[in-house]
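Peer 1: The structure that follows is given in the form of structure tokens.
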Amino acid sequence: MPVPDLTLNSGQSIPQLGFGVFKIDPAETADAVAEALKVGYRHIDTAEMYGNEAEVGEAVRASGLDRGEVFITSKLNNGYHRPDDARRAFDGSLEALGSDYVDLFLIHWPLPTLYDGDFVSTWQTLEEFYRDGRARSIGLSNFQVSHVRRVVNESEVVPAVNQIEVHPYLCNEEVRAASAEFGILTEAWSPLAKGRVLKDPTIGAIASRIRRTPAQVVLRWHIQRGDIVFPKSTTPARMKENFEIFDFELEAEDVAAISALDRGEAGRTGPNPDVFARVPR
Ligand code: NDP
């Protein structure tokens, strides 16, 4: 079954299911991405912070696929929010990827306690990359409701996506809703909560009743809520399992039962974006 495409507010199509490469060792990334492309994934989520953009680019080139057949996202690292730094970092990402454009480029974290809280001028710098065509779409990551509103109110280009932590233990509904209000699609990072939701008894019961795995049930829940996902796995059998989620549907009551597992802030696996302020270099 083909992966559905969603349409971003830039007019560009994005495969709703992709492959994430956070925490994949650079030495293993080209093999992992090659395997994912073999399974059928056509959307790769990387970042300067992950240190493996070059290996992603290498695997896409070696695959024999045209560059235009694979949707690649990268992100601006936290040390480069000032406009001149952002311009240099963006050039560096393109160079590492070995491509003259990236499909989607995001501000990785808003860092509201750094840079005088000025993520708007950073966003306006990404608008330059969008206008000159080197970023086909631009977006946000880890932006909270107030941050999303500021970007929309104080800039010209509405972000295409907001990539935030979302899974059954952190449904993140307010941020999803604030994004939807402006036509911004939500990308759900750590869609499996890094594996933590896979032993949940509610999810397990649904999975055994419909003869699917817990990971397939959780990924299907995201798809039916309309979010974009890119689970990470370096295990070929799991890459395949995570890809096989388009030949079944969850009943509305199963979707609701999974959404009811939401633990709010207590469900986070990663940092709270309001206070996260780590600048790696
Ligand atoms: P995920 O929720 O995708 O979980 C990955 C973990 O689940 C790995 O340990 C993997 O193990 C395991 N796993 C994957 N599939 C299965 C399966 N079918 N059955 C059992 N276990 C499974 O977490 P990530 O944190 O990796 O998030 C996914 C992507 O989201 C990242 O790669 C990155 O692209 C993005 N992300 C973005 C962030 C941001 O700030 N913008 C922050 C964090 C993530 P194994 O590999 O051993 O198979």
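The values are calculated or read from the model by the stated rules, or taken from the named source; none is laboratory data. Predicted model only: the values in this text are computed from it and were never measured. Glycine also receives a Cβ, built like all others from the backbone with ideal geometry; neighbour counts cover every protein chain displayed. Each accessible area value is taken on the protein alone, full model and side chains, heavy atoms only, with ligands, DNA and RNA left out. Shrake-Rupley method; radii C 1.70, N 1.55, O 1.52, S 1.80 Å.
Peer 1: Over all directions, what mean area does the Cα convex hull of the stretch 1-136 project, stated in square nanometres?
Peer 2: 8.3 nm²
Peer 1: To continue, here is another question. How much accessible surface area, in Å² rounded to 10, belongs to the heavy atoms of W109 with a 1.4 Å probe?
Peer 2: Roll a 1.4 Å probe over it and W109 shows about 20 Å².
Peer 1: Still on this model: Between rounded, prolate and oblate, where does the stretch 100-208 land on the alpha carbon gyration tensor, with a ≥ b ≥ c its root eigenvalues, rounded for a/c under 1.5, else prolate if a/b exceeds b/c?
Peer 2: Prolate is the answer for the stretch 100-208, as a/c is 1.5 or above and a/b outweighs b/c.
Peer 1: Also: How much net charge surrounds A30 when only other residues with a Cβ under 9 Å from its Cβ are counted (Lys, Arg +1; Asp, Glu -1)?
Peer 2: -4
Peer 1: Taking DSSP loops as anything outside H, G, I, E and B, show the longest stretch in the chain free of GluC sites (Glu not before Pro) there with at most 13 other beta carbons within 10 Å.
Peer 2: Here the longest segment lacking exposed loop sites spans 1-155.
Peer 1: Mind checking the per residue accessible area of the chain for me, 1.4 Å probe, whole number of Å²?
Peer 2: 42 Å²
Peer 1: Ignoring any ligand, DNA or RNA, what whole percent of the accessible area of the stretch 171-281 comes from carbon and sulfur when the probe is 1.4 angstrom?
Peer 2: Of all accessible area on the stretch 171-281, carbon and sulfur atoms account for 52 percent.
Peer 1: Another question, if that's okay. Using only the alpha-carbon atoms of the chain as identical scatterers, what base-10 log of I(q)/I(0) does the Debye formula give at q = 0.15, 0.16, 0.17 Å⁻¹?
Peer 2: With one equal scatterer per Cα and no solvent, log10 I(q)/I(0) is -1.14, -1.30, -1.46.
Peer 1: While we're looking at this one, here's another question. Let me check the size of the stretch 1-54 from its C-alpha atoms; what are the radius of gyration and Dmax in Å?
Peer 2: Rg then Dmax for the stretch 1-54, in Å: 12.4, 35.
Peer 1: Right, here's the next one. As a test of the formula, what do you get for the chain when each DSSP H run with n ≥ 4 contributes -39,500 (n - 2.57) and the sum is divided by the residue count, at 222 nm and rounded to the nearest 500 deg cm²/dmol?
Peer 2: My calculation for the chain gives -11500 deg cm²/dmol from helical runs alone.
Peer 1: Can you grab the distance from the C-alpha centre of the stretch 197-229 to the C-alpha centre of the stretch 248-275, Å, no decimals?
Peer 2: Result: 11 Å between the Cα centres.
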